[in-house]
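A short write-up of the structure that comes next.
The values are calculated or read from the model by the stated rules, or taken from the named source; none is laboratory data. Note that this is a predicted model, so its numbers are computed, not measured. Every residue, glycine among them, receives a Cβ derived from its backbone with ideal geometry; neighbour counts consider all protein chains shown. Please note that ligands, DNA and RNA were not included when accessible areas were found on the heavy atoms of the full protein model with its side chains. Shrake-Rupley method; radii C 1.70, N 1.55, O 1.52, S 1.80 Å.
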Amino acid sequence: MSSNSNSQWGGRYAGGPSAVMQAINASIGFDREMWRQDIRGSLAHAAMLAHVGIISPEDETSIRDGLEAIAGEIERGEFPFSEALEDIHMNVEARLTERIGEAGKRLHTARSRNDQVALDVRLWTRDAIDGLDAQIADTMRALVERASEHAATVMPGFTHLQPAQPTTLGHHLLAYVEMLSRDRSRLADCRARMNESPLGAAALCGTGFPIDRHMTAAALGFDGPTRNSLDSVASRDYALEFLSACAICAVHLSRLAEEFVIWTNPYFGFVRLTDAYTTGSSIMPQKRNPDAAELVRAKPGRITGALVGLLTVMKGLPLTYGKDMQEDKEGIFDAAASLSLSLAATAGMVRDMRPDMARLKAAAGAGFSTATDLADWLVRELKLPFRDAHHVTGRLVALAEQKDVDLAGLSLEDLRSAEPRIHQGVYDVLSVEASVNSRTSYGGTAPANVAAMAAEWKARLA
């Protein structure tokens with residue numbers, strides 16, 4: 001390797017082992033993200049220490065005032081973050097002592113950075129869940145509004161990305177509402193399971209000070225304290241569960257994003273997105289690229305990567321805390337930010353899209369999409385066994401292909417060539433409108449079903 005290359009990539013560590021150790025050990029570059037949670041935890045801890053008599057009321061007041069002042073400094077961008085102090089916890093504590101003196105040094109009584117960081121990550125993840133839940137609900141509302149609007153707008157339903165049966169755009173959009181509702185449920189389950197406070201577990205074995213862990217848990221909105229001090233500082237399964245729920249949600253969004261990519265292609269032309277969610281080409285003036293959809297489609301790569309990364313970090317770690325666990329935060333932060341952006345973009349595209357209803361209707365009838373309706377009619381009206389009806393329908397599809405017409409374009413004589421008992425009533429099921437209107441089973445694609453389900457979701461999301 002050339003000296004120039006070494007200077008570019010390794011120059012920061014030219015100071016030797018101390019420079020390397022500081023760089024690899026410090027987390028302030030990313031864990032400053034948790035400053036709000038760190039200060040909230042410290043305020044609750046200080047109030048508890050004063051309540052049980054470990055520190056004086058005067059010290060608690062000084063600590064509270066100092067922490068609130070530090071919060072203001074950070075919000076204004078005036079806080080002097082230092083890599084030499086390693087992390088957000090030491091940065092805040094050092095600044096507190098600088099501001100209020102001896103009282104600041106008493107704040108860390110009866111706790112460790114191990115339970116402090118475990119608390120901060122739980123608080124941050126819980127806050128992230130609350131924010132993402134609100135965004136998922138908003139995305140669901142966007143989908144429901146458009147589904148209600150297009151409850152009777154026929155479009156092709158696909159299997160294997162081949163035309164299968166006619167459906168409606170409203171029914172299609174409501175499928176994503178169902179997926180997102182389960183994503184909300186997974187995040188809610190994760191929040192409920194993780195809602196225990198590790199504060200007071202100290203380094204790993206608890207503390208001999210007469211602390212009140214139930215008090216701090218209640219002050220921070222937890223259901224109660226964790227029950228095992230070793231587990232409290234050693235576990236990140238709540239973070240794994242959070243990442244898993246985020247990854248699944250991102251995959252759902254990615255599937256819809258892929259459909260936007262397909263639908264906006266001129267060869268399909270099902271929907272149009274405005275300039276708000278598309279970009280042009282640097283050399284091809286006719287292009288309208290669905291970049292927002294493509295980026296939503298890509299985000300599961302980052303989020304799934306964060307999940308696999310943390311699973312790999314935690315694999316084989318002996319109890320309790322190891323510095324390896326410092327690697328939990330960047331993936332969690334990035335996954336939450338990526339999912340948040342994906343949800344905002346998806347809700348925006350759903351509200352922005354302009355369906356071409358004529359194009360959708362024409363496509364809904366392509367590929368002999370009412371063939372199943374014909375087979376069902378043969379079973380229902382002529383009492384043919386389904387396998388025989390399937391065979392008759394297959395022969396008629398072949399005949400329609402030969403004549404270059406759709407099934408509704410076959411004459412009664414053509415139809416009777418495959419089954420002599422077919423009568424004029426068969427034409428009632430061969431249009432795409434008749435097809436979708438007939439699918440009245442619960443959860444089916446009939447427009448009346450879709451309108452009712454959209455109304456039910458509107459009420460649930462209100």
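What angle do you read, to the nearest 10 degrees and between 0 and 90, between the alpha-carbon axis of helix 291-314 and the longest principal axis of the chain? The angle comes out at about 50 degrees.
Structural descriptor for segment 19-109: relative contact order 40 percent, calculated from alpha carbon pairs under 8 angstrom and at least 6 residues apart.
Where both bridge residues fall in the chain, DSSP classifies roughly 90% of the beta bridges as antiparallel. Rounded to the nearest 0.05, the FRET efficiency derived from the C-beta distance between THR312 and ALA455 at R0 = 60 Å is 0.85. Rounded, prolate or oblate: which fits segment 234-277, taking a ≥ b ≥ c as square roots of the Cα gyration tensor eigenvalues, rounded meaning a/c under 1.5, else prolate when a/b beats b/c? It is prolate, given that a/c is not under 1.5 and a/b is the larger ratio.
Near ARG227, once Lys and Arg are set to +1 and Asp and Glu to -1 for all other residues with Cβ below 15 Å from its Cβ, the sum equals -2. Spin-label pair LEU230-ALA448: with each label point 7 Å from Cα along the Cα-Cβ axis, the two points sit 6.4 nm from one another. Each principal axis of the Cα cloud of segment 114-362 was taken in turn, and the coordinate range along them, longest first, works out to 75, 38, 31 Å.
Shape annotation for segment 19-109: C-alpha extents along the principal axes are 42, 27, 21 Å, from largest to smallest. Ranked by the mean number of other Cβ atoms within 10 Å of their residues, highest first, the peptides 131-142, 169-180 fall in the order 169-180, 131-142. Protection proxy ranking, highest mean first, for peptides 353-363, 39-49: 39-49, 353-363, where packing is the per-residue count of other beta-carbon atoms within 10 Å, averaged.
Looking at the chain, the accessible area is 47 square angstrom per residue; that uses a 1.4 Å probe and ignores ligands, DNA and RNA. The gain in end-to-end length when the SER82 to LYS361 segment is fully stretched comes to 94.2 nm, 0.36 nm per residue minus the alpha carbon separation.
Surface composition of the chain: carbon plus sulfur atoms contribute 53% of the solvent-accessible area (1.4 Å probe, protein chains only, all chains present). Nearest 10 degrees, 0 to 90: what angle lies between the long axis of helix 386-403 and the longest principal axis of the chain (Cα atoms)? Here the helix axis deviates by roughly 70 degrees. Taken as Cα centroids, segment 169-244 and segment 330-368 sit 31 Å apart, rounded to the nearest whole angstrom. Inter-label distance, LEU319 to CYS205: 1.3 nm, where each label sits 7 Å from its Cα along the C-beta direction. A Förster radius of 60 Å combined with the Cβ-Cβ distance from ALA19 to ASP428 puts the calculated FRET efficiency at roughly 0.15.
Between HIS51 and LEU341, the simple label model (points 7 Å from Cα in the Cβ direction) yields a spacing of 4.1 nm.
For the chain, the longest principal axis of the alpha carbon atoms and the long axis of helix 328-352 meet at an angle near 40°. Once volume of the Cα convex hull per residue in Å³ is calculated for the structure shown, the corresponding label among (1) 206; (2) 228; (3) 240 turns out to be (2).
Sorted into 5 angstrom bins from 0, the C-alpha pair distances of segment 363-461 split as 2, 13, 21, 21, 16, 9, 7, 5, 3, 2, 0 percent.
Of the residues PHE222, ALA134, ALA175, the one whose Cα sits farthest towards the positive end of the charge dipole of segment 114-362 is ALA175 (charges of +1 on Lys and Arg Cβ, -1 on Asp and Glu Cβ, taken about the Cα centre).
Among 65-77, 145-157, the peptide with the highest mean count of other Cβ atoms within 10 Å heads the list, and the full ranking is 145-157, 65-77. Farthest toward the dipole's positive end in segment 129-211, which of LEU204, PRO166, ALA192, given Cβ charges of +1 (Lys, Arg) and -1 (Asp, Glu) about the Cα centre? Result: LEU204. Checking the cross-link filter: which lysines have an alpha carbon closer than 17 Å to that of LYS323, excluding same-chain neighbours under 8 positions apart? Those lysines meeting the cut-off are LYS315.
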